[in-house]
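Since the structure comes first, as structure tokens, the remarks are kept for the end.
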Amino acid sequence: MKLLFIQETDWLKRFPAQQHHLAEMMTLRGHEVLVIDYALTWRTDDKKGLFSERQVLENVSKIHPEAHIAVVRPSFLKIPILDYISMMFSHRKEIKKQLKDFKPDAVVGFGILNSATAVRLLKNSKIPFVFYWLDALHLLIPTRIFRSLGRILESYALKRCDMAIAINERLKELMIRLGAPASKTSILRAGISLEKFNPDIDAGNIRKQYGISPKDRALFFMGFLYHFSGLKEVARKLAVENNNGIKLLIVGEGDALEELRTIQEKYKLQDYLILVGRKPYDEIPGLIAASDICLLPAYTDEPIMQDIVPIKLYEYLAMKKPVIASRLPGVVTEFGEGNGIVYIEKPEEVIEKAKELLENDNLEHLKEKAREFAERNSWERITQEFEETLGELIYEKAGKLS
């Protein structure tokens, strides 16, 4: 199969997500994948100028060195608001070009604007369009006044796509509410590389590198540092409570990083609040192994967080790490109770809950339940299901229009 993936985020800078794993696993199975992406973080780049030229990147891999993905980044204006308007036109031009030159067997959309564009371009075509949701996309639009428009465009694409795939049950329900036919909507859950995320990794040197002694207990978070991620609140609690050797190791960059550094400086937390920045994906299993408990302490009233199930939760669980997570509806629906995740109502409860778990004889049981749950979601099984689903859809669409 030849697959065209289209998205509106940075394929290169984003932590490996569902689409990265599926794309690379599909190439390892002999399929060909081309990606159209967008340099979402251009505002923080050092490159000057008001215009970003079209780029073509060959043999890109983020997870499997032997995987080879081609990434095309259409041109756009580097001016707020105008960037999205220009992207809409350049992505339309690029999709048309790749439909002619690359000749994909299917198009898989992970964005809003370019998914609505692809649906229009593929009308009456034998090429099926799959709208794949990892998040409620319109809620991720930074400018709130544009979220209603994003929702309208999502609904437009959902009503006309050949298949809608959600990463969890909550997102599937939302897709159907927005117009996706229930008969064409399915769930393909996040996967996990059980070999890469091996709980037997020796992380002694990593703990030593970051000043975490054998007696210390390390809490761990990785990912984009949103203001609503709850990490600032956890850090402040770490400063004012008797932390009993608890340290907070944070991997990632984002909006809240500077404020976290300010908290670190203000409360003299250099030895307890460890900010290591972005790290290569290959280093992530070792960093998780260096921790004792992993965190997802986001605010439960944040709209963006209601329906998501971050892939990192599976990675935490595969490493036999108990997780302290906010009681987010999507997470609770996906993982339920007793599968290695302990829920809190607000970020300020993390330190106290961590102390409780570390003093509890039930910790080993939580670790075992965590790994058991993760083992149900290997990337091999998820990719096999994705491959079969696309194969059937391509055959069905070609038959209908032949």
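The values are calculated or read from the model by the stated rules, or taken from the named source; none is laboratory data. Just so it is clear, the model here is predicted, and its values are computed rather than measured. In this analysis, Cβ positions are derived from the backbone assuming ideal geometry, glycine residues included, and neighbour counts consider all displayed protein chains. Accessible surface areas use protein heavy atoms only, side chains included; no ligands, DNA or RNA. Shrake-Rupley method; radii C 1.70, N 1.55, O 1.52, S 1.80 Å.
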Worksheet item: Any idea which of L178, Y272, L238 is furthest toward the positive side of the dipole for the chain, if Lys and Arg beta-carbons carry +1 and Asp and Glu beta-carbons -1?
Response: L178
Worksheet item: With every protein chain left in place, what is the accessible area of I206 in Å² (1.4 Å probe, nearest 10)?
Response: 40 Å²
Practice prompt. Would you mind working out the accessible area per residue for segment 305-389, using a 1.4 Å probe, and quoting it in Å²?
Written response: 39 Å²
Fill in: Accessible surface of the chain, 1.4 Å probe, proportion on carbon and sulfur as whole %
51 percent
Practice prompt. Considering Cα pairs under 8 angstrom that are at least six residues apart, work out the relative contact order of the chain and quote it in whole percent.
Written response: 15 percent
Practice prompt. State the Cα centre-to-centre distance between segment 319-377 and segment 37-57 in whole Å.
Written response: 39 Å
Worksheet item: Of the peptides 310-317, 173-180, how do they stack up when ordered by the mean number of other Cβ atoms within 10 Å, highest first?
Response: 310-317, 173-180
Worksheet entry | Relative contact order computed over segment 188-283 (Cα-Cα under 8 Å; 6+ residues apart), in percent | 28 percent
Worksheet item: With Rg and the Kirkwood Rh both taken from Cα atoms, where does Rg over Rh land for the chain?
Response: 0.97
Response to the item:
Set K320/K346; K184/K346; K47/K172; K279/K369; K96/K159, cut-off 30 Å on Cα-Cα distance; pairs above it are K184/K346; K47/K172
Worksheet, complete the sentence: Computed over all unlike Cα pairs, the Kirkwood hydrodynamic radius of segment 211-314 in Å stands at 14.2 Å
Discussion item. For segment 14-31 and segment 241-265, what is the centre-to-centre distance using only Cα atoms, to the nearest Å?
Written reply: 32 Å
Response to the item:
Low-density loop trypsin sites (Lys or Arg not before Pro), segment 47-94, at most 10 other Cβ within 10 Å, DSSP non-H/G/I/E/B, are K47, K48
Response to the item:
Measure of exposure for D46: accessible area at 1.4 Å probe, Å² rounded to 10, is 140 Å²
Discussion item. Let's see if you can work this out: charge +1 on each Lys and Arg Cβ, -1 on each Asp and Glu Cβ, no other charges. What is the dipole magnitude of the chain about its Cα centre, in debye to the nearest 20?
Written reply: 1500 debye
Fill in: Accessible area in square angstrom per residue, segment 3-148, 1.4 angstrom probe
45 Å²
Worksheet, complete the sentence: Of the candidates A256, P104, M305, the farthest towards the positive dipole end of the chain (Lys/Arg Cβ +1, Asp/Glu Cβ -1, centred on the Cα centre) is P104
Discussion item. Explain nothing, just the number: relative contact order of segment 1-74, from Cα pairs under 8 Å at least 6 residues apart, as a whole percent.
Written reply: 38 percent
Discussion item. Looking only at the chain, where both bridge partners belong to it, what percent of the DSSP beta bridges are antiparallel (to the nearest 5)?
Written reply: 10 percent
Response to the item:
In this structure, among K13/K123; K247/K268; K78/K123, pairs with alpha-carbon gaps over 24 Å are K13/K123; K78/K123
